[in-house]
Amino acid sequence: MNKPLSLTAGLLAAAYAVFSTGCASSSCCDAPGHDHKAHASAALPPVKQLIAVIQPTAGNKCAGTVRFTEVEGVTYVYAEISGLTPNQQHAMHIHEFGDATSTDGTKAGGHYNPAGQPHGLPGVETRHAGDLGNIQADAEGKTVFRGEFNNISIQGPKNPVIGRGVVIHAKPDDGGQPVGNAGPRIGFGTIGVANPKQ
């Protein structure tokens, strides 16, 4: 009766060894120059652009896209957002988590701030990595935003934003502590890998 259990346990152990190391044989790990990281990086093409598709939180109309592109250490942010309050500024921040399971955006956590900096608007060097500043709505409640940031990156090593969340707030960010007094979260999107063919 113990043989089937032993066989199953053995198969599970072998499968774990394959999937956890990426090798079909444990003996390959003894080979000179063998590098698991090299296998992993070779299998994944470089990410050139990230995108967050903004969806409205409950009772709001905020929607659009925010794109992140990195060139020589500078991350360019381009956003097209609608459903805003006409002729008003709205805060736009990167938050800790890309968790979209709450209807009010609160599962995104707080501002993305891995270095433990105080809050601030763009132009202030010591600020949260997620402090993107404000977007300005036109008379129809729409905006096109362009920004350049040198304190974040797409995948790293400098404050990588992939997998985080973008939050659009009901009010402007006034630069005050601890998070800019920007009010409720009216839109949210998870930052994921953009289709390079689009």
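Please report the spacing between the Cα centers of the stretch 178-196 and the stretch 50-89 in Å, no decimals.
Here the two parts' Cα centres lie 7 Å apart.
Can you pull out the GluC sites (Glu not before Pro) in the stretch 95-198 that DSSP calls coil and that have at most 13 other Cβ atoms within 10 Å? Don't jump to the answer; show the numbers that get you there.
On the way: sites: GLU96, GLU125, GLU140, GLU148; in loops: GLU96, GLU125, GLU140.
Sites meeting the loop and neighbour criteria: GLU125, GLU140.
To the nearest 0.05, how large is the calculated FRET efficiency for LYS158 and VAL193 if R₀ is 22 Å and r is the Cβ-Cβ distance?
On the way: r = 18 Å, r/R0 = 0.83.
Computed FRET efficiency for LYS158 and VAL193: 0.75.
Compute log10 of I(q)/I(0) for the stretch 114-195 with the Debye formula, placing one identical point scatterer on every Cα and leaving out solvent, at q = 0.10, 0.12 Å⁻¹, to two decimals.
Results for the stretch 114-195 at q = 0.10, 0.12 Å⁻¹ read -0.26, -0.38.
Of the options HIS128, VAL71, PHE188, report the single residue whose Cα projects farthest towards the positive end of the charge dipole of the stretch 49-193 (beta-carbon charges: Lys, Arg +1; Asp, Glu -1).
PHE188
Readers should treat all values here as calculations from the given coordinates under stated rules, not as data from a laboratory. Because the structure is predicted, anything quoted here is derived from the model rather than measured. With ideal geometry, Cβ positions are generated from the backbone for all residues, glycine too; neighbour counts draw on all protein chains shown.
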